[in-house]
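**Q** After the structure tokens below, expect a handful of questions from me.
What follows draws every value from the coordinates through simple rules; no lab data is involved. From a predicted model like this one, the values you see are computed outputs, not experimental measurements. Neighbour counts are summed over all protein chains in view; Cβ atoms, including those assigned to glycine, are modelled from backbone coordinates with ideal geometry.
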Amino acid sequence: MTYAAPPTREEIARAVALEDAHWAQQPQTEEQGSATAMRIYTDWQAQMAAAQADPTGNTRAAPDPLSFIASVAADEPVTGKERGPARAFWSWRSQPEGASREVGHRFLAQACGESRGLQVLEDTPAGRKLDSYWLGERVVREALARDFQLDLTEVEATAGQVWKTVSGRYAEAAQGPVVAFAADIGADSVLGADELPRLLAHGKVGKENIKFPIDMPRHEQLPSDIDQLLGDETMRSQWRMEDIDPGRSSPKDLAQKLGSMDVPEQLKGSHEAALWRLGLADSYEELNARAAASQRVPANEFLPGVDVRPVARPAAPRGPTAGHGTLSPAAVLTLPSTPAPAQQPTGVER
């Protein structure tokens, strides 16, 4: 089994157990929030004691609890010594094949990390410590402000920044192929907003080395061949779910986004065909209606039993796109001048 294979039933069961155990420890009451805040304070005091006992002066101590939390994100190791070089990333949740319920992709990543030797941020020294601080829980943030006379606004800002800091370090530490446990990726998620852009620009990763063990869901608002194009592993890391949301975008918006993507050579034909079709439609309903109409072939009344495909000439020559630019809808008529096999690209393996 490769590190990027879909989760097995055993790994899914382990993920469910990890998720149940995690949420059983969630601070929910004021007392539990205070206990978590005290643990943060105790860790800060331990850091100060270590700094005072270090004769070399190399051990630094944060001046206050919030600075201590920030130092964990900035300085603690983001690589587990017991794991291999491949790194797992995650976003949101789904119900993978073989699962009896939805499960967080974080826990699928951790379960597969255990069985496949993958690095997972929450299992590294920095991630494990930050995770135990439950900074996403309001009862903990309020306890920090209340019990240690800290400004709640500053506590909120620190809680929002530390995971961005540590996840950025974790992504930059990648040494090769990575595995992204995600279905659709939101533009505002840590994976979509920060980690994937870093990985795409990373000299040791790039689009060819980002793998997806979780199947992409079928997007019914898109014709199947365009959906398959977006589902190719080299493409999935470059778009966000908002780009295909009918309530937030149009086919023309998707064409603009698709035109800016870095497309591998073997997909450029399908990519150009998708750009042209998206650029002709003002809505996803129209896009699908055009796709359905293109499948209907009129019979030739002069040659019974012989199908003849209509032909239209472009109003103006189509300029080259180099695989990245969008085609102007005004440059073509409703029907392309190429034969049907060329205008209907075959599906892309996912």
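**Q** Could you compute the net charge surrounding His22? Neighbours are other residues with a C-beta less than 13 Å from the C-beta of His22; K and R count +1, D and E count -1.
**A** Surrounding charge for His22 is -2.
**Q** Let me understand region 55-96 better: what is its radius of gyration from the alpha carbons, and its Dmax, in angstrom?
**A** In Å, with Rg to one decimal and Dmax whole: 16.4, 53.
**Q** Let's see if you can work this out: charge +1 on each Lys and Arg Cβ, -1 on each Asp and Glu Cβ, no other charges. What is the dipole magnitude of region 154-213 about its Cα centre, in debye to the nearest 20?
**A** Values: 6 positive and 8 negative charges, 72 e Å.
The calculation lands at about 340 debye.
**Q** Return the Rg/Rh value of region 9-215, two decimal places, where both radii are evaluated on C-alpha atoms and Rh is the Kirkwood radius. Before the final figure, lay out the partial values.
**A** Working: Rg = 17.9 Å, Rh = 18.2 Å.
A ratio of 0.99.
**Q** What does the net charge come to around Ala46 if you take all other residues with beta carbon closer than 14 Å to its beta carbon, with K and R at +1 and D and E at -1?
**A** Details: positive: Arg39, Arg60, Lys129; negative: Asp43, Asp54, Glu76.
Taking every other residue near Ala46 into account, the sum is 0.
**Q** I'd like the projected area of region 96-215, averaged over all directions, using the convex hull of its alpha carbons. Report it in nm² with one decimal. The partial results should precede the final answer.
**A** Numbers: hull surface 35.5 nm².
If I average the Cα hull's projected area over directions, I get 8.9 nm².
**Q** Starting from the Cα gyration tensor of region 1-88, take the square roots of the eigenvalues, sort them a ≥ b ≥ c, and report rounded, prolate or oblate (rounded when a/c is under 1.5, otherwise prolate if a/b is larger than b/c, else oblate).
**A** On the way: a/c = 3.69, a/b = 1.50, b/c = 2.46.
Because a/c hits 1.5 or more and a/b fails to exceed b/c, region 1-88 counts as oblate.
**Q** Convert each backbone phi in region 211-220 into a coupling constant with the Karplus relation 6.51 cos²θ - 1.76 cosθ + 1.60 (shift: θ = phi - 60°), then list the ³J(HN,Hα) values in order as whole Hz, x for Gly and Pro.
**A** Using θ = phi - 60°, the values come out as 10, 10, x, 9, 4, 6, x, 6, 9, 5 Hz.
**Q** In 10 Å bins starting at 0, how do the alpha-carbon pair distances of region 135-186 split up by percent?
**A** It works out to 21, 34, 26, 17, 3, in whole percents.
**Q** Excluding residues on the same chain fewer than 8 positions from Lys204, give the aspartates and glutamates whose Cα lies under 19 Å from its Cα.
**A** Counting by Cα, and skipping residues close in sequence, Lys204 has these aspartates and glutamates nearby: Glu172, Asp194, Glu195, Glu233, Asp262.
**Q** Let me ask you something else. Please report, in debye to the nearest 20, how large the charge dipole of region 9-215 is about its Cα centre when each Lys and Arg carries +1 at its beta carbon and each Asp and Glu carries -1 there. Please report the intermediate quantities before stating the final value.
**A** Numbers: 22 positive and 31 negative charges, 132 e Å.
It works out to roughly 640 debye.
**Q** Order 270-276, 42-48 from most to least packed using the mean count of other Cβ atoms within 10 Å.
**A** Details: 270-276: 22.1, 42-48: 15.3.
Output ranking for 270-276, 42-48: 270-276, 42-48.
**Q** Let me ask something additional. Could you work out the per residue convex hull volume over the alpha carbons of region 39-114, in cubic angstrom?
**A** Details: hull volume 11.2 nm³, N = 76.
Hull volume over Cα atoms, normalised by residue count, gives 147 Å³.
**Q** A further question on this structure: Any idea which of Ala70, Ala86, Leu191 is furthest toward the positive side of the dipole for region 9-215, if Lys and Arg beta-carbons carry +1 and Asp and Glu beta-carbons -1?
**A** So the residue we want is Ala86.
**Q** Okay, moving on. Hey, any idea what Rg/Rh is for region 190-302, computing Rh the Kirkwood way over Cα pairs?
**A** Numbers: Rg = 15.9 Å, Rh = 15.3 Å.
A ratio of 1.04.
**Q** Once you've got the Cα coordinates, tell me which of Lys164/Lys252; Lys211/Lys268; Lys164/Lys207 are over 26 Å apart. Before the final figure, lay out the partial values.
**A** Values: Lys164/Lys252 32 Å; Lys211/Lys268 20 Å; Lys164/Lys207 21 Å.
Exceeds cut-off: Lys164/Lys252.
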